[in-house]
Amino acid sequence: MGSGIYHDIGVIPAINGLGVYTDLGGSRLSPTVWRAMEESNQSFIRMPDLLDSSGAVIADLLHSEAARVTPGASSAIALGIAACMTGPNARFTEQLPDTTGLKTDVLIQGRHRYKYDRMVRHTGAQLREVGNINGTDPEELEAAIGSSTAAICFPAHLDRTPGTVPLEEVTEIGHRHGIPTLVDAAFLNYPLDVMESFASKGSDLVIFSSKYMGGPNTGGFICGRHDLIGAVALHDFTRFEASKYLSFGRPFKLDRQLVVGVVVALQEWLEMDHEQRFRDYARRVELIKGQLDGSSGIEATPMCFTMQETLAPEPVNCLHIRRESDSSDPAAIAAALAADDPSILVHQMDGAIVVDVECMSEEEAELTGRRLKAVMSPA
Ligand SMILES: *Cc1c(COP(=O)(O)O)cnc(C)c1O
């Protein structure tokens, strides 16, 4: 340890026992994705062509009318909402975030407020909460639609939260008034058929993040209606360079290598043997557990750390570890692991340590198990 590119730059590399987090650099790119990105580095390409063609490939894979790569799901929210505000009028793409003459309101249910709804306001749009934290009913949602409504924003992972109007009903209400629904399905990519389910429930635009399918941390895409994806294209950086309008989306620039990485990661995700993926997680969990077995007083249970950051029995992707005595101090254990080089990052949850193995190699899992044993064994 103590050598390598990260040390040269002055940071200590980490073993990721937390899972896919933007702050940790997203996912680990597969050899296939990395090779494709490397290949794309060898030659130049016209970016407008690459964006159009890669969008067509993604649309084909997901049986969507149209699609477009974006630098992550967050920017896809901003670009998608901008498209809903301006439609095909290229002149307006220069005007944002000045909303004079445009529809400015984006509706969201009270119990659907979530951190990424911040991206809606990037465009100059106003987020209008319908109902409140206690819930929203369909009549309230319909009554909130007016002449300045541009879109409805719908975080798919919060669908069917008690007290909310479900997606099918939201899109139906929207369509009665000609209002599109933009769905954030950033991590809803498994089982695979869930990815196409949002369009079949009437969503006009659906966004996904590449970071949750082994793609680049700064990659994502938006799929949906042809006319709206066309408007997304008017807003994005390609038009800033190529058209006479200085489009709003210029900061959401993409590398050609990134675009290729997003496409190949999606292809790989759709073709992958996911049962094998889960067996790989279970094996890494067993490698950690194997190091701890036989240490007296340590209880280690394979579990599932969910996307909502809760624990469930399966599918196994983490190890839940606690000392049987009440004296265990997870904060001190986590701090000791984090102070290593490489730093080992783990969750602390209700008096226990939780190690998520999704982003670990087998070697890293073994090392983590050995370090856990050393740190947790009574002195
Ligand atoms: C991670 C995430 C995003 C943002 O995606 P990026 O690709 O990192 O921009 C948006 N919505 C949800 C639900 C997410 O989990």
May I ask for the angle, rounded to the nearest 10°, between helix 47-61 and the longest principal axis of the chain, with both axes built from Cα atoms and the value confined to 0 to 90°? 70 degrees
Using θ = phi - 60° and the Karplus form 6.51 cos²θ - 1.76 cosθ + 1.60, what ³J(HN,Hα) does each residue of the stretch 166-182 get, whole Hz, x for Gly and Pro? x, 3, 4, 6, 4, 5, 5, 4, x, 5, 4, 10, x, 9, x, 10, 9
Would you work out which of VAL355, THR22, THR32 lies farthest towards the positive end of the dipole of the chain? Charges go on Cβ: Lys and Arg +1, Asp and Glu -1. THR22
Amide H proximity to LYS253 below 5 Å, modelled H, separation 5+ or other chain, gives none
Quick one: accessible area per residue over the chain, 1.4 Å probe, rounded to a whole number of Å²? 46 Å²
What's the carbon and sulfur percent of the stretch 309-379's accessible surface, probe 1.4 angstrom, rounded to a whole number? 49 percent
Using +1 on the beta carbon of Lys and Arg, -1 on that of Asp and Glu, and nothing else charged, what's the dipole of the chain about the Cα centre, debye to 20? 900 debye
Give the lysines whose C-alpha is closer than 29 Å to that of LYS211, dropping any in the same chain fewer than 8 places away, or say none. LYS115, LYS201, LYS253, LYS289
Per residue of the stretch 249-266, in order, report the coupling 6.51 cos²θ - 1.76 cosθ + 1.60 (Karplus, θ = phi - 60°) as ³J(HN,Hα) in whole Hz, putting x for Gly and Pro. x, 3, x, 8, 7, 10, 8, 4, 4, 5, 4, 4, x, 5, 5, 5, 5, 5
Can you give me the Cα centroid spacing of the stretch 246-322 and the stretch 87-143 in angstrom? 33 Å
In whole Hz, what ³J(HN,Hα) sequence does the stretch 189-204 give by Karplus (6.51, -1.76, 1.60; θ = phi - 60°), x for Gly and Pro? 10, 8, x, 4, 5, 5, 4, 8, 5, 5, 5, 5, 8, x, 5, 8
Placed amide H near GLY25: partners under 5 Å, 5+ positions off or other chain: none
I need the per residue convex hull volume for the stretch 234-379, using only the alpha carbons, in cubic angstrom as a whole number. 165 Å³
Over the C-alpha atoms of the chain, what are the Rg and the largest Cα-to-Cα span, Dmax, in Å? 22.8, 71
Please give the charge dipole size of the stretch 182-319, origin at the Cα centre, charges +1 on K and R Cβ atoms and -1 on D and E Cβ atoms. Round to the nearest 20 debye. 580 debye
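The values are calculated or read from the model by the stated rules, or taken from the named source; none is laboratory data. Everything quoted here is computed from the prediction, not taken from an experiment. Positions of Cβ are backbone-derived with ideal geometry, glycine not excepted, and every protein chain shown enters the neighbour counts. Accessible surface areas use protein heavy atoms only, side chains included; no ligands, DNA or RNA. Shrake-Rupley method; radii C 1.70, N 1.55, O 1.52, S 1.80 Å.
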